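The values are calculated or read from the model by the stated rules, or taken from the named source; none is laboratory data. The model shown is predicted, which means the values in this text are computed figures rather than measured ones. Because the Cβ atoms are built from the backbone with ideal geometry, glycine has one as well, and the counts that use them run over all protein chains shown.
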Amino acid sequence: MKVLVATGRLAEETVRDSIADNADVIVVDTEIAAFITPRKLLDAVEGQFPSFDHDIIFIPGLASSNFTKAGEELGCKIRLGPKHAYDLSFVLPFAGKMEFSKTVPACELLADIRREMALEKVVELEESSSPTMELSGLKLGGNTRMKVLAEVVDATGLDSEALSDRIRSFLQKGADMIDLGASLHAEVDDVERAIKIARSISSAALSIDTLDPQLISRALKCDIDLVLSLDSSNIDIVGPEIARKDLAAVVIPDSGEGLESLMANIEHARSIGVKKIMADPVLDPIGHGIANSIVRYRDFHRDLPDIPLFFGIGNVTELIDSDSTGVNATLCGIGADVGASVLFTPEYSNKTQGSINELKRASQMMVLADERSSSPKDLGIDLIEIKEKRRRTDATLPEKFTEAHESNMWKLDPKGCIRINIIPAPIPDSSGPGGYILAEHEEATIIGTTAREIMDTIIEMELISRLEHAGYLGSELKKAEIALKFNRSYSQDDDF
């Protein structure tokens with residue numbers, strides 16, 4: 001396919017650098033590429049390509065004119081390229097392989113398509129994978145994708161509504177399995193109630209998280225799939241019932257012990273008939289022997305590759321003052337290297353909110369990376385939330401400029417003040433908006449999901465009359481929008 005890329009004079013060098021030898025370039029008579037019009041494009045083609053024979057012309061993704069008639073006159077497709085010239089190198093290889101759009105910039109179209117393709121591949125690989133264990137139809141171990149087990153901390157102590165909301169939230173965030181954490185003061189009836197609530201919401205694999213044999217025994221009577229955890233203190237008490245029901249259990253070493261204790265407990269569980277065993281060599285926090293614990297996982301998987309490994313990532317993310325995204329991605333990669341099957345997170349503290357979704361995406365990335373025998377990059381899905389993979393072109397300092405300064409002429413708007421706040425969604429990370437921006441004026445209360453729509457409504461209702469007030473509100477509303485996007489708190493006039 002013969003491709004022509006249209007640009008303006010200012011972006012010509014960037015375009016040529018980006019496309020290399022993968023397309024021809026036509027420079028239209030305009031400084032700003034986004035201002036290209038059909039007439040200017042046709043004039044440029046006539047002047048620069050008198051023997052025009054291209055199959056498709058990519059115009060800048062921000063161009064707003066209708067190029068349908070120009071395409072008919074030239075006898076070729078005219079489609080939107082990416083918004084930014086540096087993305088051409090990623091778009092052009094898809095020319096001839098997919099249909100580009102007249103209305104959606106190629107970078108956005110391609111991002112969605114690449115993501116869909118990546119997720120479809122993950123599903124395909126999972127369907128063809130061979131597990132070493134299955135739990136309620138969920139594949140574990142072998143070459144399956146690592147599954148995310150999300151713990152509802154103190155599930156036995158939450159009221160019915162709070163527990164239901166937490167479980168729904170975790171499932172919508174991408175949890176493959178739900179773990180019901182039992183508090184130290186939990187009674188057997190609390191365990192039964194929590195399991196019944198969970199079962200009324202979802203058929204996802206369900207585990208009970210306690211060492212107390214009485215609580216485990218009640219859970220075994222209430223349709224539980226997995227027991228967390230077995231050690232020498234409770235194996236003899238609950239092990240026979242687990243074996244009789246052919247249920248699964250996570251076996252751990254005794255408190256303070258290492259790999260030898262874990263192996264001994266596994267052999268003990270097997271000796272009384274427990275067949276579905278998952279092993280937890282225990283991932284230690286940073287500062288408490290994390291490197292040695294990773295070696296334990298590696299050694300265990302090397303010697304017993306058919307036993308699924310439980311990887312307690314929450315032990316690390318909850319005990320480090322760092323954003324969870326990168327920590328989860330890195331630990332998920334380490335988990336893949338050492339043969340982990342289950343990624344465990346309580347998503348408990350504020351700094352770890354979003355961990356379920358992060359681990360789900362990271363596990364998908366590791367599946368794709370393994371299938372391609374590559375590093376987990378350029379896969380179509382990623383975990384880049386704040387920083388950029390590719391930086392846009394920066395401006396250069398002009399020779400003449402006016403240095404900005406704050407004005408001392410601020411005056412109260414006679415139309416009155418507007419108070420801004422946010423209302424986060426009850427279930428963050430679910431489909432739909434992350435919540436609402438709230439703008440309160442003495443004459444009206446406005447809610448919306450973006451700064452733009454709130455500001456447009458304020459102007460339309462004539463609730464402001466001064467330019468400095470409009471500028472201030474625009475700044476604060478955008479801060480509120482970003483706070484919702486990243487599930488952060490917001491307070492008017494505070495730094496973000």
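Yes or no: Thr352 under 30 Å from Leu438 (Cβ atoms), surrounded by 16 or more Cβ atoms within 10 Å (Cβ to Cβ) and in contact with a helix residue (DSSP H, G or I) (Cβ under 8 Å, 6 or more places away or on another chain)? Considered against the rule, which asks whether it is under 30 Å from Leu438 (Cβ atoms), surrounded by 16 or more Cβ atoms within 10 Å (Cβ to Cβ) and in contact with a helix residue (DSSP H, G or I) (Cβ under 8 Å, 6 or more places away or on another chain), Thr352 comes out as yes. Can you spot a residue in the range 172-188 that is of a type in the set (S, T, N, Q), assigned to a helix (DSSP H, G or I), modelled with pLDDT of 95 or more and surrounded by fewer than 22 Cβ atoms within 10 Å (Cβ to Cβ)? Within the range 172-188 (the criterion being of a type in the set (S, T, N, Q), assigned to a helix (DSSP H, G or I), modelled with pLDDT of 95 or more and surrounded by fewer than 22 Cβ atoms within 10 Å (Cβ to Cβ)), the answer is no, since none of the residues qualifies. Beta carbons closer than 7 Å, at least 6 apart along the sequence or on distinct chains, never pair a first residue in the range 478-496 that is outside the structural domain of Gly434 (by TED's automatic domain parsing) with a second that is part of a loop (DSSP other than H, G, I, E, B) and surrounded by 13 or more Cβ atoms within 10 Å (Cβ to Cβ).
For the range 122-138, enumerate the residues that are assigned to a helix (DSSP H, G or I) and either buried (at least 18 other Cβ atoms within 10 Å of the Cβ) or at positive phi (or both).
Taking the range 122-138 and keeping what is assigned to a helix (DSSP H, G or I), we get 122-127.
Passing the criteria: only Val122.
Residue check: Met455 meets all listed conditions (1) touching a residue at least 24 places away in the same chain (Cβ under 8 Å); (2) surrounded by 14 or more Cβ atoms within 10 Å (Cβ to Cβ) but one, namely (1).
Please verify whether Ile216 is buried (at least 24 other Cβ atoms within 10 Å of the Cβ) and out of contact with any Phe, Trp or Tyr (no Cβ under 7 Å at 6 or more places or on another chain), treating the condition exactly as stated. Answer is yes for this residue. In the range 265-276, the residue that is nearest to Gly141 (Cα to Cα) out of those that are under 39 Å from the mean Cα position of the chain (by Cα) and surrounded by 14 or more Cβ atoms within 10 Å (Cβ to Cβ) is Lys276. Determine, yes or no, whether Ile386 is surrounded by fewer than 12 Cβ atoms within 10 Å (Cβ to Cβ) and closer than 26 Å to Ile313 by Cβ. Spelling it out, Ile386 is indeed surrounded by fewer than 12 Cβ atoms within 10 Å (Cβ to Cβ) and closer than 26 Å to Ile313 by Cβ.
The residue that is surrounded by the most Cβ atoms within 10 Å (Cβ to Cβ), counting only those in the range 42-62 that are in contact (Cβ under 8 Å) with a residue 40 or more places away in the chain and part of a loop (DSSP other than H, G, I, E, B), is Pro60.
Within the range 407-450, restricting attention to residues that are hydroxyl-bearing (Ser, Thr, Tyr) and in a loop (DSSP other than H, G, I, E, B), which residue is modelled with the lowest pLDDT? In this case the residue turns out to be Ser430.
Filtered by the rule that a residue be surrounded by fewer than 19 Cβ atoms within 10 Å (Cβ to Cβ) and small (Gly, Ala, Ser), the range 72-94 gives Gly75, Ser89.
Residues are listed down the side, and each one gets a yes or a no for (1) in contact with an Asp or Glu (Cβ under 8 Å, 6 or more places away or on another chain); (2) part of a loop (DSSP other than H, G, I, E, B):
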{"position": "Asp370", "(1), (2)": "no, no"}
{"position": "Ser374", "(1), (2)": "no, yes"}
{"position": "Lys377", "(1), (2)": "no, yes"}
{"position": "Asp382", "(1), (2)": "no, yes"}
{"position": "Lys389", "(1), (2)": "yes, yes"}
{"position": "Thr393", "(1), (2)": "no, yes"}
{"position": "Thr402", "(1), (2)": "no, yes"}
{"position": "His405", "(1), (2)": "no, yes"}
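Close Cβ contacts (under 6 Å, 6 or more residues apart or on different chains) running from residues in the range 72-101 that are at positive phi and modelled with pLDDT under 95 to residues that are of a type outside the set (Val, Ile, Thr) and surrounded by fewer than 19 Cβ atoms within 10 Å (Cβ to Cβ) comprise Gly96/Met1. The residues of the range 471-487 that are surrounded by 15 or more Cβ atoms within 10 Å (Cβ to Cβ), out of contact with any Phe, Trp or Tyr (no Cβ under 6 Å at 6 or more places or on another chain) and among the basic types (Lys, Arg) amount to a single one, Lys478. Within the option set Asp299, Asp280, being exposed (fewer than 14 other Cβ atoms within 10 Å of the Cβ), modelled with pLDDT of 95 or more and not β-branched (Val, Ile, Thr) holds for one residue only, Asp299.
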